[in-house]
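Peer 1: The following block contains the structure, expressed as structure tokens.
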Amino acid sequence: MKPNYSATSLKRWSSKAKQIPDIQAIKSLHVYDFDNTLFCSPLPNPQIWYSGTIGFLQTYEAMAFGGWWHDPSILAATGEGIDKEETKAWAGHWNETVVELVRCSMQDPDALTVLLTGRSDTQFADLINRICNAKQLDFDLVVLKPEVGPTGEQYSSTIAFKQAFLHDLVYTYKTADDLKMYEDRPKHVKAFRDYFDKLNKSFLSHPVDQPAPPRKPINCEVIHVCELKSSLDPKTEIEVLQKAIDRHNQTIASGGPNPHKSSNKRLRIEENYLYFGYLINETDSARLISLTNVLPHLIDSGEVKYLASSILIAPYKPGRDLVQKVGGRGKKVMWQVNGISKLEDRIWAARVVPVDPNDRVHTQDQTPVVVLAIRKGSRPIEASRIQNWQPVSSDKAFMFQTTVGDKVMLKVEEVGDGRAGDRSRRRVDGDGGYRRKFAEDGDLRYHKENWPRPGGERDDANPGNSGGLGGAIPGNRNRNRPPGYRSLDDYGSGSFDGAADSKVVMDY
């Protein structure tokens, strides 16, 4: 059957009840991605979760009602939660550069303005429309991924869904001369550029025995937008995921619906103790990382990871005597950098001393150090081998404050999969466990100031696809940058906290 390309047919893609412009009136098509292009959607915090758990949480089949990108309660928890954020239009959670571009598109009578996202239409249409309406962003079409397309198709990936919609868009508005598309993920940017190149070639050449192409080639520009990192409040993040796990477990126990075809096993959050140390806050961690001269491609490839998260006191849970020796948990200590060095291009470190010589300090190494970065296969303890420290200039002799505390990471595991004999592991229950630790500001071991913002990348809404960084909108706070380039702004402080890796910790 010959496809019917009309405004009425195209509108079936949209979750928004709005009359769209006449086909002949449109000369430009402007298409905007939602997550971390237009809106700063929260990412799983790598300072809370093990990397394996972050990957698991983002899969479609993580839980009975979906993972991170499929459960609307997570997006609804952004900031102070939907009830408070809606009244202030989610202020502070937008890429304002892209917001201004959307407003320009809205005011252009020749442009069709589209929001296109891989989020599920069934689960997210109401929430995303509420978010956009609060900001007074009036898109002509708000297109989310349907369970079944307008003509009965099912899509294996976000890319496949978006390309199917873009095909209908270009064929419907066949008098449009240009299309601009805004995307944050390099993989998607490349895929869409390749797609439009192929589509335009099909408009230029066709077999002589076939009808002429339905339209002339369209000038396409896929614009790479810097992904803006954000995360939920740590306490909120754990509470939201605990509730999601509770819903999953109830479904498994009752034999109820399992729309995302998850494992038929119950899940729980496990707490893993890593080390005791002088914990460094977000801002100071970023300043310390600036002392390194690691080549960007080593960071991009994962060959080298940034740390700068602590000064180690002990790689184990301390006894009462050690805690008292350093002044107790929550003790504040000011330090100053007085030297930097590296070991064989494998370990980058800063030597530090207490600003107040009367402060009682105790560290794992005889010389207090902050391990700034580490290459794969190396061990943080090797920083103690550094002998030749280079003095630092006055502008690099940073002073920074630390808080004595514990480093704990969480992971989601199937019930019965844990090691009951591991004393460093503790179950985190929905009725207690983390609630005391994350709810009370006085408990500095788990206070949110000890959890730097994340630098992990967003997965696709479907397994197997990953996110990315880059830069391309003039005026964006990350500026114009070649694809793949990352600055400290991209990582946040301590985003690659090697101490969060159990293999690294066990090497002490």
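Peer 1: Given the conditions (1) modelled with pLDDT of 90 or more; (2) within 20 Å of Leu228 (Cβ to Cβ); (3) out of contact with any Lys or Arg (no Cβ under 7 Å at 6 or more places or on another chain), which single one is not true for Lys84?
Peer 2: Evaluating Lys84 over (1) modelled with pLDDT of 90 or more; (2) within 20 Å of Leu228 (Cβ to Cβ); (3) out of contact with any Lys or Arg (no Cβ under 7 Å at 6 or more places or on another chain) leaves (2) as the failure.
Peer 1: Is it the case that segment 312-334 has a residue that's at pLDDT 90 or above, within 25 Å of the chain's Cα centre (by Cα) and under 25 Å from Ser394 (Cα atoms)?
Peer 2: No - not one qualifying residue is present in segment 312-334.
Peer 1: Taking Thr403 as the residue in question, decide whether it is surrounded by fewer than 21 Cβ atoms within 10 Å (Cβ to Cβ), modelled with pLDDT of 90 or more and closer than 28 Å to Tyr50 by Cβ.
Peer 2: For Thr403, the condition - surrounded by fewer than 21 Cβ atoms within 10 Å (Cβ to Cβ), modelled with pLDDT of 90 or more and closer than 28 Å to Tyr50 by Cβ - is met.
Peer 1: Another question, if that's okay. Report yes if some residue within segment 29-36 is closer than 23 Å to Ala164 by Cα and not assigned by TED's automatic domain parsing to the domain that holds Lys135; otherwise report no.
Peer 2: Looking for residues that are closer than 23 Å to Ala164 by Cα and not assigned by TED's automatic domain parsing to the domain that holds Lys135, one finds none in segment 29-36, hence no.
Peer 1: Just checking, how many residues over segment 48-89 are buried (at least 21 other Cβ atoms within 10 Å of the Cβ) and over 18 Å from the mean Cα position of the chain (by Cα)?
Peer 2: Here the count works out to 2.
Peer 1: Only one of these conditions is not met by Leu137: (1) on the phi < 0 side of the Ramachandran plot; (2) at pLDDT below 95; (3) in a loop (DSSP other than H, G, I, E, B). Which number is it?
Peer 2: (2)
Peer 1: So, one more: For Leu307, indicate whether it is touching a Lys or Arg at 6+ places or on another chain (Cβ under 6 Å), under 16 Å from Pro46 (Cα atoms) and not polar (S, T, N, Q).
Peer 2: When the stated conditions are applied, Leu307 does not pass them.
Peer 1: Go through the residues of segment 103-115 one by one and say whether even a single one is over 30 Å from Leu410 (Cβ atoms) and within 23 Å of the chain's Cα centre (by Cα).
Peer 2: Yes, some residue in segment 103-115 is over 30 Å from Leu410 (Cβ atoms) and within 23 Å of the chain's Cα centre (by Cα).
Peer 1: Any residue at all in segment 57-72 that's more than 19 Å from Asn133 (Cα to Cα) and either outside any loop (DSSP other than H, G, I, E, B) or assigned by TED's automatic domain parsing to the domain that holds Lys180 (or both)?
Peer 2: yes
The values are calculated or read from the model by the stated rules, or taken from the named source; none is laboratory data. Not measured: the values here are computed from a predicted model. Positions of Cβ are backbone-derived with ideal geometry, glycine not excepted, and every protein chain shown enters the neighbour counts.
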